[in-house]
Amino acid sequence: MSRLDEIPVRIMPAESAAGQGQALLHELAHMLDVLLREGRSGMIDLRALPLAAADFARLRAVLGEGEVHARIDAMGEASIVETGIPGIWWHTYRSHDGDIITEMLETTWCPDILNSQPEDVTSGLQRLREQLTGDAAPSIPAKEEQHA
Amino acid sequence: MRETLDQSLRRQGVSRRAFLKYCTALASLMALPPGMAPAIAAALGKAMRPSVIWLSFQECTGCTESLTRSNAPTLEDLIFNSISLDYHETLQAASGTAAEAAREQAMKAFYGKYLLIVDGSVATGLQGAYSTVAGVTNLDELKKVAAGAAAVVAVGSCSSFGGLPMAHPNPTGAVAVSDIITDKPVINVPGCPPIPVVITGVLAHFLTYGTLPETDLHRRPKMFYGETIHDRCYRRPFYDQGKFAHTFDDEGARNGWCLYELGCKGPITYNSCATLKWNEGTSFPIESGHGCLGCSEPKFWDKGSFYQPLSGGTWTDSGTLLAAAAAGVAVGAGAAVLSRARQHHAQEEK
Amino acid sequence: MDMLAFARGPGLHWSLTILFVGVFWRLTGILLLRRSPDYSVARISGWWTGALRLIALRSWPRREFSATTSFPTLIGYLFHIGLAVIVFGLQQHILLIRSLTGLSWPNLPSGLVNLTAGVTAASMLALLIRRMTNPVLRLLSNFDDYFSWLVAFLPVATGMLAVAHLGARYETLLALHMLSAELLFVWFPFGKLMHASLIFLSRGTSGALLTRKGAAI
Amino acid sequence: MNTVEIDAVHPLMTEGPRLTVEPPATRYDKQGDLPDGERAARAVRQFVRDFGATAATWLESCIHCGQCAEACHYYVQTGEAKYTPVWKLEPFKQAYKREAGPFAPLYRALNLKRDVSAAELESWQELIYDSCTLCGRCSLICPMGIDLASLISQARHGMAKAGLVPHELWAVAERASVEGSPLGATPKVFRERCEWLADEHNVAIHVDLPEADILVSMSSIEIMKYPDSIVATARILNYLGTSWTFRTDGYEATNFGMLSGNADWQRESSLRLINAAVACKAKRLILPECGHAYGALRWQGANVYGQPLPFEVEHISEFLAREMQAGHLPVKPMPASVTFHDPCQISRRGGATQAPRVVLDKLGVDLHEMEMHGNLNWCCGGGGGVVTIHRADALRYKVFQLKMRQVEDTGASMLVSSCSNCRQTFDDGQAHFHWDKTMHSLLELVADHLIEPAASKENAA
């Protein structure tokens, strides 16, 4: 028995889901409304809710996948996907090991994390200038993994 | 001057985006709205790496193991690396008098500012002689180190509540840290062991806000111990429907029904296992088919069998009840004899 | 020791001990009182059939009395049956009984039990209001009546709160629920709750004596 | 006290539709001059002494549900909560819990139930005597199956011991003890009446035969007020050709000792009859049309005697039913519409509910039962000695209205019963309300419709 799914335990039959999926969808509709009318973004932390596999399945089925698929590679992968309902973004953040550390739904025009961050831009600019001036100081590639 | 976390991260080549990503996870962990992530990042980024002294008393090192189990950079690492762990018997490279000297130096340099983390209960029997390090009893050591601490974090059920060493009959006179330290803020992070991110979550809060998070009546951070396992359990619908596994291998168990009948203590256990899960978010005991033992609750060792249902009694046997019935019959017979005697008496008096 | 540990352990132990001592004390104290022989010639022999008949017959008012007593009887039944469904139908209760006796049986769906609890609590409240407003009941009622009502109502109320997680932390609610049931155990032998066992004795006694005479039962 | 003295103290009221003593100028509802404390103590002592497992079972079981009120004619007619049957026992329940119950030592040690006071008992006199006919209807409604009527009888024992019996009831009971009969039917009066009736009606009335198979008893109400019953009894017994007799050493069937709660007097009255029956070697004792006599002799007689009675005890209606069913008493058909009033002590409490119906069926009447009949009948309101108590009259008339309504509802033209005490209660009610219904005796109906021997033979041929 090396894998969890080989243990004959059904985690939760689909038919007995907690029914959170439906409530979430209503909440999302409301949040989209707010985005349109007031321009306010909103977020729902999926990990903070006791969602059953069936709830997730229902969410995925209803929201589907849309046009934008973004992948961030920063200390583990993060995928940010616009769902089939424009304005609803599905964030999945993973650690280095590939474990999901956060999963969120965001209602916004464009998720902020996709924007380049001023601090990173600043240090990037600095590196660029160093390159231009032929400064010999060694630079530290942003993607290099650091262990404690 | 110690560097800020921002500086430390930048030195390590962590991008702002990556930091934001982890701060989002951190916000989720601390039960804050995900939108708080930038604010957390800002606060955390400016924080100085605080000095931390970690004392281990009557413990099994399970708590340290829990914290250091992951072998890839994780949120825990991120936070853990942002502190300056100036003394930890298991983790530090220094040993012997050098280690002690490092601690003395940190205590002196950061007096009143350092954070004290304790795992293990404190032996008080024989003036604390049951557990000593370098000839000093844990009891004395705790009092001395706590005197200069800004706050104390009791990690694990032993330091929080006494844990296993305090279980009946408690031969060493073990007590919790909070029983000894009463003049400092003490926060308990119980669990046997606690969930690693819960330990780091408390540290993150301390780093972000400079204070310990809000606690419940057992001094546990509400953000992690605010709800029961039961309330957050994915098997809860079965409990509500009255569908229970009767044994560990019956149809109900295979169907993933509620484990209440098998002694699950989820309903009275306040912890985040059901949401944060274990082993890097893989699962938690109930998901693996075993009821919650209630390890993060005070005196969980002494609350009867782990497999006795919560609603079952823990102390009555049929022998006692038979004896009670017999005693009742005897007293009742006595009362009847007395009444008859009074009747007889009344008859004579006429 | 926290409240729940007390309720599950010593509380349960001592309340059940008192329950057993009390019940047997009271029954023995009654049954061992003097009994005078009856020398009259019985019209109908076989006293026990009379006892059993009255025990069964008196479970519902006679047709002649039904106009005035059907309603309270119905409400009374409602809450007695409700209590039985709750006590013997909810898995948590079955587990307690199993831990004490080793006996167990399949449970009822929790939703059904919860609904029953609502109906039970409502009918108990209706009976209390009746007791406080009906002149006959007001005259007859004493401390025992009101206290016994309270002692029977509390476990229902606290049980419902515990199920709904309302008002306090669950372990507190559970402990209060168990303690309220333990209070019931302790009070049971000393007050009118004892009618649960005396009813058979009392009806049986009348059934036997009246049947002996061939009188109406 | 002798006859002359008792005549002076408690003169009988011989005029009027019911028999009792004259309304007293001053009521003495307390007998003797005991200090209050002693009075209460005696009541409780007597009550405690009486106590057995049976009464204890009942007193322990009451759940205060109040349903007994709905069965009681006093409550139903007045709506007053104090007439709830079990409330009538309140001081005695209190005394039981304090003195004899399984937790009595606790109750005493912690003083959880107070000692019963004389004042309390005095105020309960009305509830235990004036407003309870011991009809036992409440015993049938009680969901706990408590026989309330038995308990109230026991409570009366305590009251009698304390000297707290209503004036009139005490007076007649005392007279019964002095004269052998409560209403002036002394042995001399009885013998003279029998002789006079024998002459008048040309019927053989046996008095004081040394031996007979059947000893017949009479109620003093019949002797003094309805002497036709004596004639009817004699005619029927003669018709059957049985060996029977009245005895002047044992003829009075009423037992006011029992009704007043005086156990000694009850015993005295019962023993007179029993000893007379034993003396004449009777195989059967026939009780007259009197309700409580049946309870006193049929069910309590042997227990007063301390051993099984050496003869059978039968109510006259049971005797008639048996003989008529056997075809020994052919009667002319009687084409009247009749309703039958069940005497509580014979039907509900006595178990002889069907006997009068058999008799009425043989008489061929058109029987219209009341809405509440047989075991569930409403009491006439005069039982339990209540009819003797003047101060209870107003209340008694109130409950009698219930009975009248039930009778009227049947539409029957004729009213029959088999208890002379019910009969005089009806007579009294009839007079009070100027009612057009008169109560008749079942016994007299049978005697009146007997087919004479010659005719009977013709019929048989």
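Could you say whether any residue in the range A:102-111 is among the acidic types (Asp, Glu), within 14 Å of chain B (Cβ to nearest Cβ) and either free of Cβ contacts under 8 Å to residues at least 24 places away in the same chain or touching a Gly at 6+ places or on another chain (Cβ under 9 Å) (or both)?
yes
Scanning the range B:91-143 for residues that are among the aliphatic types (A, V, I, L, M) and part of a strand (DSSP E or B), which turns out farthest from B:MET166 (Cα to Cα)?
If we take residues in the range B:91-143 being among the aliphatic types (A, V, I, L, M) and part of a strand (DSSP E or B), then B:LEU115 is farthest from B:MET166 (Cα to Cα).
Got a sec? Which helices (runs of 4 or more DSSP H) wholly within the range B:213-283 have at least 2 residues that are surrounded by 20 or more Cβ atoms within 10 Å (Cβ to Cβ)?
Because the criterion is at least 2 residues that are surrounded by 20 or more Cβ atoms within 10 Å (Cβ to Cβ), the helices (runs of 4 or more DSSP H) in the range B:213-283 that meet it are B:222-225, B:236-241, B:273-276.
Just name the residue that is farthest from B:GLY226 (Cα to Cα) out of those in the range B:280-317 that are of a type outside the set (A, V, I, L, M, F, W, C) and in contact (Cβ under 8 Å) with a residue 60 or more places away in the chain.
Looking at residues that are of a type outside the set (A, V, I, L, M, F, W, C) and in contact (Cβ under 8 Å) with a residue 60 or more places away in the chain, I get B:ASP302.
Among C:ALA162, C:ALA216, which is the only one that is within 14 Å of chain D (Cβ to nearest Cβ) and among the small types (Gly, Ala, Ser)?
Sole residue among the options that is within 14 Å of chain D (Cβ to nearest Cβ) and among the small types (Gly, Ala, Ser): C:ALA216.
I want to confirm something. Restricting to the range D:267-317 and keeping residues that are among the acidic types (Asp, Glu) and more than 10 Å from chain C (Cβ to nearest Cβ), which single residue is farthest from D:MET218 (Cα to Cα)?
The residue in question is D:GLU268.
Show the residue pairs meeting these rules: Cβ distance below 6 Å; 6+ apart or different chains; first residue within the range C:77-103 and free of Cβ contacts under 8 Å to residues at least 12 places away in the same chain and under 23 Å from C:MET194 (Cα atoms); second residue surrounded by 14 or more Cβ atoms within 10 Å (Cβ to Cβ) and among the aliphatic types (A, V, I, L, M).
Sorted first by the residue in the range C:77-103, then by its partner, the pairs are C:HIS93/C:VAL87.
Does C:LEU184 meet the test of being under 22 Å from C:GLY11 (Cα atoms), more than 14 Å from chain D (Cβ to nearest Cβ), part of a helix (DSSP H, G or I) and touching a residue at least 12 places away in the same chain (Cβ under 8 Å)?
Yes, satisfied.
Can you go through B:ALA330, B:ALA335 and tell me which one is surrounded by fewer than 22 Cβ atoms within 10 Å (Cβ to Cβ) and either outside the structural domain of B:PRO193 (by TED's automatic domain parsing) or touching a Lys or Arg at 6+ places or on another chain (Cβ under 9 Å) (or both)?
B:ALA330
Looking at this structure, is D:LYS93 crowded, with 24+ Cβ neighbours inside 10 Å, under 13 Å from D:LEU59 (Cα atoms) and either charged (D, E, K, R) or out of contact with any Lys or Arg (no Cβ under 6 Å at 6 or more places or on another chain) (or both)?
When the stated conditions are applied, D:LYS93 does not pass them.
Given the criterion in a helix (DSSP H, G or I) and touching a Pro at 6+ places or on another chain (Cβ under 9 Å), identify the matching residue among B:ILE199, B:ILE187.
That would be B:ILE199, the only listed residue that is in a helix (DSSP H, G or I) and touching a Pro at 6+ places or on another chain (Cβ under 9 Å).
Just one of (1) more than 12 Å from chain D (Cβ to nearest Cβ); (2) closer than 29 Å to D:THR54 by Cα; (3) in contact with a Ser or Thr (Cβ under 6 Å, 6 or more places away or on another chain) trips up C:GLY9, so point out which.
All conditions are met except number (2).
Does B:LEU26 qualify as being within 11 Å of another protein chain (Cβ to nearest Cβ), outside any loop (DSSP other than H, G, I, E, B), buried (at least 24 other Cβ atoms within 10 Å of the Cβ) and modelled with pLDDT under 75?
no
Looking at the range B:3-14, which of its residues are within 7 Å of chain A (Cβ to nearest Cβ) and touching a Leu at 6+ places or on another chain (Cβ under 9 Å)?
B:VAL14
Checking C:LEU32 against (1) of a type outside the set (Val, Ile, Thr); (2) more than 13 Å from chain D (Cβ to nearest Cβ); (3) closer than 16 Å to D:THR54 by Cβ: exactly one of these is not met. Which one?
Only one criterion in (1) of a type outside the set (Val, Ile, Thr); (2) more than 13 Å from chain D (Cβ to nearest Cβ); (3) closer than 16 Å to D:THR54 by Cβ is unmet by C:LEU32, namely (2).
What pairs come up if the first residue lies in the range D:103-128 and is within 21 Å of D:ARG39 (Cα to Cα) and without any contact (Cβ under 8 Å) to a residue 24 or more places away in the chain, the second is of a type in the set (Phe, Trp, Tyr) and surrounded by fewer than 16 Cβ atoms within 10 Å (Cβ to Cβ), and their beta carbons are under 8 Å apart, counting only those six or more places apart or on different chains?
From the range D:103-128, no pairs qualify.
For B:ALA341, are the conditions met, namely being aliphatic (A, V, I, L, M), more than 8 Å from every other protein chain (Cβ to nearest Cβ) and more than 30 Å from B:ASN188 (Cα to Cα)?
Criteria met by B:ALA341.
Identify, please: which residue in the range A:86-99 is surrounded by fewer than 17 Cβ atoms within 10 Å (Cβ to Cβ) and modelled with pLDDT of 80 or more and is, among those, farthest from B:ALA31 (Cα to Cα)?
A:PRO86
Each row is one residue, and each column tells you yes or no for (1) more than 14 Å from the chain's Cα centre (by Cα); (2) within 13 Å of chain C (Cβ to nearest Cβ).
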position: B:LEU262; (1), (2): yes, yes
position: B:THR269; (1), (2): no, yes
position: B:CYS273; (1), (2): no, no
position: B:PHE284; (1), (2): yes, no
position: B:GLY289; (1), (2): yes, no
position: B:GLY294; (1), (2): no, yes
position: B:LYS299; (1), (2): no, yes
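The values are calculated or read from the model by the stated rules, or taken from the named source; none is laboratory data. Because the structure is predicted, anything quoted here is derived from the model rather than measured. We place every Cβ from the backbone using ideal geometry, glycine too, and count neighbours over all the protein chains shown.
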